[in-house]
Every structure is written in C-alpha cells, then in structure tokens.
Amino acid sequence: LENLQPEIKELAKRLRYEVSVRGKQLGWSEKVARFHFTKNMRRIVTELYIRDNCHPFKATLLLWVQVPMWVCVSLALRNCSVGALGSAVQEQFSSGGVLWFTDLTVPDSTWILPVSLGLVNLLVVEV
C-alpha cells in the first residue's frame, strides 16, 4: 500500500485536472465535479489494488485470526495454572518441565523464556 501512494497521488492530480476541465466544458457545479472525482478516484484505486494484489483488508486478515487464537490460548493457560482443570494437571505441571525449568508452576527467575519469546516475535514482525 505504501508503494502505491506516489502513483495514487499522481493519478489523483491528473484526474483532478481532467475533472475540472470536463466540468468547465459541461458547466458542472463544484459539488458535481467533486462527486465525479471521488467516484472515478475510487475506481482507479480499486484497479490499482487489484493490479498489485494488495487490498487493505489483507493486512488486517492476520489480526482477525491471531486475536481469537491469543484469547483462547490465554484462557487455556490461565485455567491450567489456577487449577480449574483439576489437581492432576497441577501435579503434571509441577514435575513436567525440562532443562532449567523443572517446575512449570513457578515463575521463570532467569527470564530466558520471556525474553526469547519476545525476540522471536520481534524477528517474525521484522522479517
């Protein structure tokens, strides 16, 4: 979308000139000329989006998938950590860790997992 902005500005400038010339020829009022400019500009921008396959909705599509997934995972982890699923899950968490985190019910005092998760998320966003 950002790469299209210079082209859109140039096309808008050209269309504004063409509409003003045509409006003077046909005696359009300012309101009618603005209507024709808006209608044609919307058509041109839509054609550019189709040409470059970059509709703005595509940028928000990932968000519509990630937010519900994040909410579900957060609720599941909360239910597991507060014992809502039963004491068997709590017992498995207290003895099911690996490496330096042998007990999953205590906070990570080394901050290795939160920092590495943050760095991986930053890497995914930047790449």
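The values are calculated or read from the model by the stated rules, or taken from the named source; none is laboratory data. The structure presented is a predicted model; accordingly, all values stated were derived computationally and were not measured. Every residue, glycine among them, receives a Cβ derived from its backbone with ideal geometry; neighbour counts consider all protein chains shown. Just the protein is used for accessible areas: all its heavy atoms, side chains included, with ligands, DNA and RNA removed. Shrake-Rupley method; radii C 1.70, N 1.55, O 1.52, S 1.80 Å.
Using a 1.4 angstrom probe and counting only protein chains, how large is the accessible area of residue 57 in Å², to 10?
Ignoring ligands and nucleic acids, residue 57 comes out at about 120 Å².
Would you mind counting up the charge near residue 9? Only other residues with Cβ under 14 Å from its Cβ, with Lys and Arg at +1 and Asp and Glu at -1.
Numbers: positive: 13, 14, 16; negative: 2, 7, 10.
It works out to a net charge of 0.
Where the accessible area of the chain is counted over protein heavy atoms with a 1.4 Å probe, how much of it, in %, is carbon and sulfur? Kindly include the intermediate steps, with their values, before the conclusion.
Working: 6880 of 10500 Å².
Roughly 65 percent of what the probe reaches on the chain is carbon or sulfur.
Once both axes come from the Cα atoms, what is the angle between helix 112-126 and the longest principal axis of the chain, in degrees from 0 to 90, rounded to 10?
For helix 112-126, the angle is close to 20 degrees.
Students sometimes get this wrong: rank 4, 117, 99 by accessible area, probe 1.4 Å, all chains present, largest first. It would help to have the intermediate numbers written out before the result.
Details: 4 5, 117 105, 99 140 Å².
So the residues, ranked largest to smallest area, are 99, 117, 4.
Residue 60: accessible area at probe 1.4 Å, nearest 10 Å²?
About 50 Å², rounded to the nearest 10.
Kindly give Rg over Rh for the chain, based on alpha-carbon atoms, with the Kirkwood expression for the hydrodynamic radius.
Values: Rg = 27.7 Å, Rh = 20.3 Å.
We get a ratio of 1.36 for the chain.
Using the Cα atoms of segment 65-127 to build a convex hull, what is its mean projected area in square nanometres?
5.3
So with the 1.4 Å probe, I'd like the accessible area per residue for the chain, rounded to whole Å².
Working: 10500 Å² over 127 residues.
In whole numbers, the chain has 83 Å² accessible per residue.
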